Amino acid sequence: MRNFGVSDEIVGDIKLEPTAIEQEDIGVGLGGLESKRDRDIADPRDSDKWLKVAVRRKSTLSPTTPTASGPGASIAETNITVWLPKDREMVATIVDVYFSRLNIHRPVLTRASFQRDLDELYKGGVIASDPGFVCSVYLVLALGTLSELNDRIDTRHSQGQGIPIGPSVYAEVMPAHWPTSEDLFERALAVKPDLRVTISSLQAL
């Protein structure tokens, strides 16, 4: 209601009881989540699986911004740190999984432009759609990882192989050097407060 500017009069009779486990909004921008847990996410727990990339981000400055020069808006560049999975071959596999199995059901992204921007991101180039695109990268990899995990488990079942139940199932069927879907979702959550009013941010949401 707050995020979409819905009048109190319209939803006054609706009682939304938050659960004890999750008491979050879907806030976008500097507010982020009410608990601020998305602001506590720092470096990855297992840095061996990740590549640290310094990305140049362009942002528009208004004429009233102290660092802006001359009439009208100007463009400023800032450096941000983005953590990406080291294994580019596995990245390509998971991206293929996402676009071949998931994006067809809810087509949010176009593969050609996504792959082009992803390659640029790994080079540390300017990503005009950042941070929305960066958030989408983490979500694509997280969802693709879950799909691939499910597919590998189904394959083992069809071959009559036993699958351990519980947390060890991921380590049993996925490469040890690949981040878990939880790690990838966590990285996406860390970017979420920086989403802006852009197409890429809408795609991420």
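For beta carbons closer than 9 Å, sequence separation of 6+ or different chains, a first residue in the stretch 130-153 that is free of Cβ contacts under 8 Å to residues at least 40 places away in the same chain and a second that is not in a helix (DSSP H, G or I), the qualifying pairs are Leu149/Met174; Arg152/Met174; Ile153/Ile163.
Residues in the stretch 193-205 that are surrounded by 19 or more Cβ atoms within 10 Å (Cβ to Cβ) and at pLDDT 85 or above: 3 in all.
So that you can scan it fast, the table gives a plain yes or no per residue for (1) more than 17 Å from Gly144 (Cβ to Cβ); (2) aromatic (Phe, Trp, Tyr); (3) modelled with pLDDT of 60 or more; (4) surrounded by fewer than 13 Cβ atoms within 10 Å (Cβ to Cβ):
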| residue | (1), (2), (3), (4) |
| --- | --- |
| Ala68 | yes, no, no, no |
| Val95 | no, no, yes, no |
| Phe99 | no, yes, yes, no |
| Arg116 | yes, no, yes, yes |
| Lys123 | yes, no, yes, yes |
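Just to verify a result, which residue in the stretch 177-188, among those that are crowded, with 19+ Cβ neighbours inside 10 Å and under 15 Å from Val82 (Cα atoms), is nearest to the chain's Cα centre (by Cα)?
Residue satisfying both the conditions and the ranking: Ala188.
Among the residues of the stretch 94-126, write down those that are at positive phi and in contact with a Lys or Arg (Cβ under 6 Å, 6 or more places away or on another chain). Steps first, answer last, please.
Step one: filter the stretch 94-126 for residues at positive phi, giving 124.
Residues satisfying the conditions do not exist here.
Across the stretch 149-176, the qualifying residues are those that are open to solvent by 60 Å² or more (accessible area, probe 1.4 Å) and under 19 Å from Pro85 (Cα atoms), and the one among them that is modelled with the highest pLDDT is Ala176.
The values are calculated or read from the model by the stated rules, or taken from the named source; none is laboratory data. Remember, it's a predicted structure, so these values are computed and weren't measured experimentally. With ideal geometry, Cβ positions are generated from the backbone for all residues, glycine too; neighbour counts draw on all protein chains shown. Keep in mind that these areas ignore ligands, DNA and RNA; they rest on the heavy atoms of the full protein, side chains included. Shrake-Rupley method; radii C 1.70, N 1.55, O 1.52, S 1.80 Å.
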